[in-house]
Amino acid sequence: MPSLFSNSAGTLAQNAYHSSLSPFNNNLCSGFTINDTLPATHHLQIYNLSLSALFMLAYGVLQKKIIRHTIYQVNNTTPLHERFCYELRMPYQLRHQQAHFMQQDLAQRFPHYKVHLENQFVFNPLLYPSQSGHSEVLIITQASVS
């Protein structure tokens with residue numbers, strides 16, 4: 001699979017982690033897996049998910065946060081729906097930093113987007129009133145070009 005991005009400057013033992021980002025692969029189903037080979041490695045594999053979903057994983061799911069809403073503050077959302085495969089491998093003892101490593105990779109590969117979480121009041125008239133309230137919201141904005 002051709003890689004669009006890789007941080008592999010050496011072996012996993014020499015680096016804190018190894019990651020790669022590649023385009024949509026027609027031979028794979030969409031989804032992600034996390035595998036641990038104790039005591040050596042922690043391995044995250046993501047297949048054919050949208051860029052928006054990658055951001056949601058990096059800023060939410062991998063940090064055990066529930067994101068109920070995403071706000072797009074961009075001119076064109078089409079690139080955020082492009083699908084990618086992403087792989088992250090690190091020593092097992094660094095597994096709690098997987099979200100941070102993935103956020104760094106996405107920021108490096110997609111510098112034209114700024115992404116962060118905000119705690120906002122979310123009201124949706126289609127939800128039960130008890131489901132409205134403050135929650136984590138993923139904000140994706142267009143970065144200014146210098």
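Read-outs throughout are calculated quantities, based only on the coordinates presented, and are distinct from any laboratory measurement. Just so it is clear, the model here is predicted, and its values are computed rather than measured. Quick reminder, even Gly has a Cβ in these numbers, built from the backbone with ideal geometry, and neighbours come from all protein chains shown.
Considering the range 43-59, the residues that are more than 23 Å from N76 (Cα to Cα) and in contact (Cβ under 8 Å) with a residue 40 or more places away in the chain include one that is surrounded by the fewest Cβ atoms within 10 Å (Cβ to Cβ), namely Q45.
Restricting the first member to the range 23-42 and to residues that are without any contact (Cβ under 8 Å) to a residue 24 or more places away in the chain, and the second to residues that are surrounded by fewer than 10 Cβ atoms within 10 Å (Cβ to Cβ), no beta-carbon pair is closer than 7 Å while six or more apart or on different chains. Considering the range 87-100, the residues that are of a type in the set (A, V, I, L, M, F, W, C) and surrounded by fewer than 20 Cβ atoms within 10 Å (Cβ to Cβ) include one that is nearest to Y59 (Cα to Cα), namely A99.
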